[in-house]
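S.K.: Handing you a structure now.
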Amino acid sequence: MTAAQVVAAIIAIELPHGQWQDAITVLLQNVSTNNAGLKIASLQTIGYVCESIDPEILVTQSNPILTAVIQGANSDEPSQEVRFAAITALFNSLEFVRQNFENEGERNVIMQTVCEATQSPEPTVQVAAYECLVRIMQLYYDKMAFYMEKALLGLTVTGMKHAEEKIALQAIEFWSTLCDEEIELQLEEEEAQEYGRPLDRQNFQFAKSSLGLVMPTLLFLLTRQDEDADEDEWN
């Protein structure tokens with residue numbers, strides 16, 4: 001277990017009981033320093049805290065946490081290790097930044113930062129960014145129409161063709177997740193029609209409208225698949 005995990009575990013125990021109230025504040029201050037090692041450790045700790053604690057406990061600090069994480073993940077950040085730690089922390093904080101996603105301006109900043117991270121020269125940052133996009137599609141499908149048109153379609157199709165397998169797999173996972181979401185919405189729509197209920201959510205049919213780009217890419221990838229690979233493994 002790393003030092004960041006130990007500190008995060010202690011914070012996760014203390015905060016629900018009203019203890020160590022300034023822990024997050026201290027970590028956020030560390031992210032603003034010029035010490036790359038301290039920034040990485042603090043971002044890792046924030047990520048672990050967000051992953052392990054009830055989102056309701058941190059919701060009042062979602063704005064400063066998001067600001068610090070976005071600052072670390074920004075394309076202007078010279079250290080790719082810092083960007084990786086920040087993108088990972090962002091992934092873990094996506095559950096409790098729902099209010100921020102409701103704000104168009106803040107949502108645009110989050111999406112721009114994640115999309116730019118898919119173009120990082122460091123493969124681990126790219127993988128983490130695509131993992132973020134997968135989770136964002138799961139949590140915030142209803143907000144994705146603009147971003148699918150402007151960036152996500154092109155980014156993920158390009159990502160599926162990437163020579164780095166881990167990047168390609170996450171780009172494929174994006175479309176797998178999207179399709180699962182739209183299948184569920186289709187079932188909800190059929191049930192609503194059957195019982196004469198209004199629809200709560202819109203199915204944007206991203207998969208259907210993108211078949212012309214996505215399907216040829218997937219078929220090409222099938223020609224590169226290892227025939228002897230385990231069917232239960234991504235490859």
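The values are calculated or read from the model by the stated rules, or taken from the named source; none is laboratory data. Since this is a predicted model, take the numbers as computed values, not measurements. With ideal geometry, Cβ positions are generated from the backbone for all residues, glycine too; neighbour counts draw on all protein chains shown. Surface areas here come from the heavy atoms of the whole protein model, side chains and all, with no ligands, DNA or RNA. Shrake-Rupley method; radii C 1.70, N 1.55, O 1.52, S 1.80 Å.
S.K.: Suppose we keep only residues that are touching a helix residue (DSSP H, G or I) at 6+ places or on another chain (Cβ under 8 Å) and either acidic (D, E) or open to solvent by 90 Å² or more (accessible area, probe 1.4 Å) (or both) within the range 168-207. Which one would you say is farthest from A128 (Cα to Cα)?
M.R.: Of everything passing the filter in the range 168-207, R197 is farthest from A128 (Cα to Cα).
S.K.: Further question on the same structure: What's the number of the only condition in (1) within 18 Å of V97 (Cα to Cα); (2) open to solvent by 20 Å² or more (accessible area, probe 1.4 Å); (3) more than 20 Å from the chain's Cα centre (by Cα) that N63 fails to meet?
M.R.: Result: N63 fails condition (3) only.
S.K.: Among the residues of the range 17-47, count how many are open to solvent by 70 Å² or more (accessible area, probe 1.4 Å) and part of a helix (DSSP H, G or I). Even if it seems obvious, please write down each step before you answer.
M.R.: Restricting attention to the range 17-47, the residues satisfying the condition of being open to solvent by 70 Å² or more (accessible area, probe 1.4 Å) are 17, 19-22, 29, 32, 34-35, 44.
Restricting the remaining residues to those that are part of a helix (DSSP H, G or I) gives 17, 29, 44.
Matching residues across the range 17-47 total 3.
S.K.: Kindly indicate whether any position in the range 124-132 is open to solvent by 70 Å² or more (accessible area, probe 1.4 Å) and among the small types (G, A, S).
M.R.: no
S.K.: Can you confirm whether F101 is open to solvent by less than 10 Å² (accessible area, probe 1.4 Å) and among the aromatic types (F, W, Y)?
M.R.: Values: open to solvent by less than 10 Å² (accessible area, probe 1.4 Å): yes; among the aromatic types (F, W, Y): yes.
Yes.
S.K.: Between a first residue in the range 214-235 that is under 20 Å from G159 (Cβ atoms) and surrounded by 11 or more Cβ atoms within 10 Å (Cβ to Cβ) and a second residue that is modelled with pLDDT under 60 and among the small types (G, A, S), which pairs have beta carbons less than 8 Å apart while being 6 or more apart in sequence or on different chains?
M.R.: Pairs that qualify, where the first residue is under 20 Å from G159 (Cβ atoms) and surrounded by 11 or more Cβ atoms within 10 Å (Cβ to Cβ) and the partner is modelled with pLDDT under 60 and among the small types (G, A, S), are N235/A229.
S.K.: Would you confirm, using the coordinates I've provided, whether T158 is β-branched (V, I, T), more than 27 Å from E95 (Cβ to Cβ), more than 23 Å from the chain's Cα centre (by Cα) and open to solvent by 20 Å² or more (accessible area, probe 1.4 Å)? Step through it out loud before you land on a result.
M.R.: Working: β-branched (V, I, T): yes; more than 27 Å from E95 (Cβ to Cβ): yes; more than 23 Å from the chain's Cα centre (by Cα): no; open to solvent by 20 Å² or more (accessible area, probe 1.4 Å): yes.
Judged against the criteria, T158 is not a match.
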